[in-house]
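Working notes for the structure below.
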Amino acid sequence: MTSAILHVDMDAFFASVEMARHPELRHRPVIVGGLGPRGVVSAANYAARAFGVHSALPMAIARRRCPRGAYLQPDGAEYRRVSKAVMRIFRDVTPLVEPLSVDEAFLDVTGARRLFGEPVAIARSIRERVAAEHGITCTVGVAQTKFIAKLASTKAKPDGLLVIEPDGVLDFLHPLPVSDLWGVGERTAASLARLGLHTVGDVAALPVARLKAAVGQAAALHLHELASGRDARAVTPHREEKSIGAEVTFDVDVSDPAVLRKALLELSDKVAGRARRAGYAGRTVAVKIRFGDFRTISRSRTVHEPVDVARDLFTMAHALVTENAEGHPLRLVGVRLEGLVESDRLARQPALGEPEHGWRQAETTVDGLRERFGSKAVRPASLLDPAPGDL
DNA sequence: TCTGGGGTCCTAGGACCC
DNA sequence: TCTGGGGTCCTAGGACCC
């Protein structure tokens, strides 16, 4: 039996969720994104796209192009809630669901056919249920492999369904521009253009060795496979998390050490909390620093004892930032925990003669309070106004 | 026009070990 | 005295995706 893979993609997801819960927005351009001075568009419905508004566009430009649009701040909690409910619909069909992000997933329905019928019938019923239960539309691509299924859904957007039969793959694939290949962005497309490669068919026809010279070993092999219509990757329901991080872009560049310190404390608190909730600790602490001129660097430090306590994370992150950014106005700072290990498998042994510092216990208690009373209920003392206490 | 926030993966160089 | 090759870990940067 040949395999059958679905790629399901919510249409303009954040904007669609907002329209579903605010029906008065139905017939207006809806733009969801950061409302601050440096915000960008996260999602735009199709009415807004007609004005040239799209994801990643600076909000300032969006407002100029579409002055009468409805502009909304993203509500991540609501989008996650709808996302979970939609993923449950998928899991009613098959346990082989691989979420790619909050708004799209692969489904391997090879084994679901006996129960639910042909893939196209499964795709239709998923689209109907999502619309009926959540008031939003999605697009489904159906094919034998992940990449072709994803490409099919991209081409069928919005509110569509497209099946690519195995014997139709190359006719569908080869005329498309190289930028449709997964992993080809602006830079790689430019490299390929220098070799005279413009379509997917051009890439498929080129010997891999020549491709390697242009884009490197791994990318060359990957692109050549995809361009030839081959994609052996399985749908993988559970993927290990590799890192947990948070970052913030300031409304105006920050030079004040106290403001920077407070931001790092908040980020550390957020990241450590998420790590503990997920049952992880990390051996590598990484910071990201973006200067006023947009130059961006990253610095990291690996330690022997994995970290999941905000106090420790903050101490390391703050040191990394001050060592590398002292005196420069900063546009952005970020904190990330890498090299994750499951924290229940950790043998914690306080160093000899060193009293267990107790922060972990304190923060675990705080986790419990936040669980019961909300995330704003308990905050580090130095996040409270006025002015920071000493540390 | 002026560039978010969450991630993943790859490359390359250097340290260190065998 | 000059010079090896492979493997692993760490760090930094960059491309890419949604």
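The values are calculated or read from the model by the stated rules, or taken from the named source; none is laboratory data. Predicted model, so just to flag it, every value in this text is computed and none were measured. FYI the Cβ positions are ideal-geometry reconstructions off the backbone, even for glycines, and counts take in every protein chain you see.
Observations
- Qualifying residue in the stretch A:16-24 (condition: within 30 Å of A:V169 (Cα to Cα), within 20 Å of the chain's Cα centre (by Cα) and surrounded by 16 or more Cβ atoms within 10 Å (Cβ to Cβ)): no
- When the stretch A:228-280 is filtered for residues that are hydrophobic (A, V, I, L, M, F, W, C), in contact with a Leu (Cβ under 9 Å, 6 or more places away or on another chain) and assigned to a loop (DSSP other than H, G, I, E, B), the ones remaining, listed by number, are A:A234, A:V235.
Residues are listed down the side, and each one gets a yes or a no for (1) away from DNA strand C (no atom under 16 Å from the Cβ); (2) within 15 Å of A:M19 (Cα to Cα); (3) among the basic types (K, R):
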{"site": "A:N45", "(1), (2), (3)": "no, yes, no"}
{"site": "A:A48", "(1), (2), (3)": "yes, yes, no"}
{"site": "A:A56", "(1), (2), (3)": "no, no, no"}
{"site": "A:R63", "(1), (2), (3)": "yes, no, yes"}
{"site": "A:R68", "(1), (2), (3)": "yes, no, yes"}
{"site": "A:A85", "(1), (2), (3)": "yes, no, no"}
{"site": "A:R91", "(1), (2), (3)": "yes, no, yes"}
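- Identity of the residue in the stretch A:25-43, more than 15 Å from DNA strand C (Cβ to nearest atom) and among the aliphatic types (A, V, I, L, M), that ends up surrounded by the most Cβ atoms within 10 Å (Cβ to Cβ): A:I31
- Residue in the stretch A:139-146 that is assigned to a helix (DSSP H, G or I), closer than 27 Å to A:S55 by Cβ and in the same structural domain as A:A62 (by TED's automatic domain parsing) present: yes
- Taking the stretch A:153-176 as the range and being surrounded by 13 or more Cβ atoms within 10 Å (Cβ to Cβ) and either farther than 26 Å from A:R127 by Cβ or touching a Gly at 6+ places or on another chain (Cβ under 6 Å) (or both) as the test, the residues that pass are A:S153, A:L162, A:V169, A:L170, A:L173, A:H174.
- Filtered by the rule that a residue be surrounded by fewer than 17 Cβ atoms within 10 Å (Cβ to Cβ) and touching a Leu at 6+ places or on another chain (Cβ under 8 Å), the stretch A:120-152 gives A:V120, A:R124.
- Subset tally (residues that are of a type outside the set (D, E, K, R), touching a residue at least 40 places away in the same chain (Cβ under 8 Å) and out of contact with any strand residue (DSSP E or B) (no Cβ under 6 Å at 6 or more places or on another chain)) for the stretch A:292-314: 3
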